[in-house]
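Colleague: For reference, the structure I am asking about is given below.
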Amino acid sequence: MRQRLEVKDLTGRIISLSRRVGVLYLIAFLCTASIISKRNFRADRLDYLKPPLVKLVKISQGQESARPEILEPYIEFYEKVNEYAGSGADILAVLGFCCYYYGDEEKAISFYEKAVVLDPGCLWPQYNLGVIYFKKGFYSKAADSLEQALSIPPDVTAKSLYASFIYWQLMKEAKVLDGSIAVGIKEGYEGCYRLLMLSYQKLQDYQKMLNLALYATKSVPDSKDFFYYYAGFAAYQLKEYRQAVYFLLESLRINPRQADVLQYLGLSYGELGEKRDSEDALARALGLRRSNPQESPAQTEKNINVRLF
């Protein structure tokens, strides 16, 4: 179901794909202009309405604050495109993004739900739905959306992005039309794994947590410390204390400055009757918390947000 993130292979496919589709967009644009003209809405009027895309891209990248006065022109423009050029998954997804940062979460959910029906082969609308559901406390719905997102192969997501003139414009503005878009896709899938893990935790489904964590240590090798921590946490909750110790030690081997990991290691040792090791791990956890430690795995949800791509 879930896909291993092979960035080098994906990068090569994306570069090849981008070269093939670039020339087609001139034809696509002319066809779109023709359709709009037939609907008695001038294409040059749409172009006149289009605000500079740079600010929208910067909001997605966390480089610009999402103020209502910035987002209103984008919402107006993409609503016009949606009305006169016909609903498309890409247009609806961008509207969902804009409405979310505008503060209208219900409207954002509505746009994203329609987008995933029209295009079930793109990671981002499913991912963003999962993010919004999670932040609203709808953890079961978040898990469903994130599971669907992870079932989409990364190269299918790439094809969906490049098949969209809307996304093509945004990616051009973000300067990610070459293979660097693979980095964003990799980050998206990693974010899915992380947020799905937290959703299972909120649902107290510790067996699914354990299964996902062990799968993710192989699929997302750059974040093994994070997933080994949650494998250990889940094993602890399932009363598999010896397993928990093994996974938590693996996490600490990669990153020894993790107070949460040391805490559950100490608790696991305690359940096994290994008092000295338990006291040592708990003392180290307390010391890290007192000395401005690195961000703990449990803080991950604060760093997850809705993205364009």
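Colleague: Any idea what % of Cα-Cα pairs in the range 61-164 are farther than 17 Å?
Modeller: 53
Colleague: Using the Cα atoms of the range 115-206 to build a convex hull, what is its mean projected area in square nanometres? Working shown, then result.
Modeller: Values: hull surface 23.7 nm².
Over all viewing directions, the range 115-206 projects a mean Cα-hull area of 5.9 nm².
Colleague: Then there is this: Out of all Cα-Cα pairs in the range 217-302, roughly what percent, to the nearest whole number, are more than 19 Å apart?
Modeller: Roughly 33 percent, rounded to a whole number.
All of the numbers you see were taken from the coordinates with simple rules; none came from a lab. Worth saying up front: this structure is predicted, and the values here are computed from it rather than measured.
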